[in-house]
Amino acid sequence: MRSRVSRRRFLRASGSLAAGLSVIPEGLAFGAVANEKVNIALVGCGGRGNWFVGAIPQIGERLVAMCDVNRQRAAESFRKLPDVPKFHDYRKMLAEKDKQIDAVIVAAPDHIHAPCGVMAMRMGKHLYCEKPLTNTINEARVMRRTAKETGVATQMGNQGTATAAFREQVEIIQSGDLGEIREVYVWNTNAGSGTVPLPQGSMPVPETLQWDLWLGPRASRPYHSRWMQWHGWREFGTQQLGNWAIHTANMQFMGLKLNSLWYADAAAGSSPTIRIRAEVSETDRESFPKWEIIHYEFPARGSMPPVTVHWHAGMQGPGFRETLEPLLGRRLVAGGPGPWLDFAGCLVVGTRGKIHSTGHNSTYTLLPKEKLADYKLPAPTLPRHGSHEREWLQACRGGPAAMSNFDYGAVLTEFVLLGNVATQFDRSIEYDPIAMKCLGDDEADAALRRDHREGWTLRGAAQE
């Protein structure tokens, strides 16, 4: 039995999000779960999915179905919950277990997120989807639109968003205490493989792998083990922009209200324009550069001035240390024993101070330290929670919308994936975030989308 939230209340709440406000609306979810435990289906049980196999029962909820196309990779997860029904095809799982499933977690490769997520939402399932939300910008737009149309509770898995440190940083930026902010630097010491030849020929499909199901929406082809290194191929993965910038650039994106540009009222005047320019080791339409420097130029947002976000990936790229280290006031630590070193970071540069934030934005330092040692935090404006998954589960029960719900998470995904579009071309791209269009550039505009083969389309959603 599920309680219902009125559509009027939902639209009023979602409207406050669209306005770019900091307030988290209450009672967003339709079909709020009223039973004792939320019954969850998991898609993708190896790797990151294995973590959910332990975490969901530990926080008091129930996994009622599990799906993975690779029995070998999912073996550990399957052993942990031997009595939970197992599937290879999420479409079959959702159809057969429809009435037993309240919510779905998607932890499969990037190219599976959108077709699976849209189908689940259209069936009325609350949805938690790992980052990045999608493989393409168009898919992110469809996921955001479908979430609004169905009213289910959603959350993208950029877990640092739930930490008190993340929310403090957003409040510091929005307080104006750092002064005028016109430059942001985001980095990762790793990048892509550069141009590599496409896999040729075929190999025997492992007995434990459902190859056609693994391909999902992408074009059919013979099996080759190199395709399974999916992070490095554009049609399956998103490289470090999707793997890490979605975490590391998150705080500044929210703090500087860059997401508000996607919600602007185009009818009130001209649409905002974002300019993206990439410097790369090489240009390749199939794989990712060995190093990349991407400049995102954003216009003013209300009282906030124009700002440029600089993304550096690949430590061998020109000016990596020379640009970042003087701003940090110290040398970057490229390796070592600890997990929170300088392999990923964000530096927000204001006229009165800076924030240096770590990879997940879950710890930070105010700079210069000697000047801001006695800094007093502004009064909190954002709720504190601490658990990304519990925040979503509360939304599933009819509570406040999770902070990285798809109305925000999809926009953050569009932002980072614009960099992957820009690295395919040797020119600047001008992007209209309202129309989802690269202005005057049909080739770049086409790169916002990928075809979905029959049987794997974005079911029930209008593709742009």
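The values are calculated or read from the model by the stated rules, or taken from the named source; none is laboratory data. Not measured: the values here are computed from a predicted model. Ideal geometry is used to build each Cβ from the backbone, glycine not excepted, and the neighbour counts take in all protein chains shown.
Here R9, R4, R73 are screened, and the one residue that is under 17 Å from P109 (Cα atoms) and either out of contact with any Asp or Glu (no Cβ under 9 Å at 6 or more places or on another chain) or at pLDDT below 80 (or both) is R73. Scan the stretch 27-45 and tell me whether some residue there is over 13 Å from D102 (Cβ atoms), buried (at least 21 other Cβ atoms within 10 Å of the Cβ) and modelled with pLDDT under 95. For the stretch 27-45, residues over 13 Å from D102 (Cβ atoms), buried (at least 21 other Cβ atoms within 10 Å of the Cβ) and modelled with pLDDT under 95: present. Within the set S270, S281, the sole residue that is farther than 25 Å from M403 by Cα and in contact (Cβ under 8 Å) with a residue 24 or more places away in the chain turns out to be S281.
Among the residues of this structure, D426 counts as one that is in a loop (DSSP other than H, G, I, E, B) and either under 30 Å from A278 (Cα atoms) or not small (G, A, S) (or both). Among the residues of the stretch 429-447, just one is surrounded by fewer than 15 Cβ atoms within 10 Å (Cβ to Cβ), without any contact (Cβ under 8 Å) to a residue 40 or more places away in the chain and either of a type in the set (S, T, Y) or assigned to a loop (DSSP other than H, G, I, E, B) (or both), namely G440.
Conditions tested, residue by residue: (1) surrounded by 12 or more Cβ atoms within 10 Å (Cβ to Cβ); (2) at pLDDT below 95; (3) closer than 15 Å to A191 by Cβ.
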residue: S281; (1), (2), (3): yes, no, yes
residue: D284; (1), (2), (3): yes, no, yes
residue: S287; (1), (2), (3): yes, no, yes
residue: A300; (1), (2), (3): no, no, no
residue: P305; (1), (2), (3): yes, no, no
residue: H310; (1), (2), (3): yes, no, yes
residue: T323; (1), (2), (3): yes, no, no
residue: L327; (1), (2), (3): yes, no, no
residue: F343; (1), (2), (3): yes, yes, yes
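In the stretch 144-256, counting only helices (runs of 4 or more DSSP H) that sit wholly within it, the ones holding 2 or more residues that are in contact with a Ser or Thr (Cβ under 7 Å, 6 or more places away or on another chain), assigned by TED's automatic domain parsing to the domain that holds V421 and in contact (Cβ under 8 Å) with a residue 12 or more places away in the chain span 164-175, 250-255.
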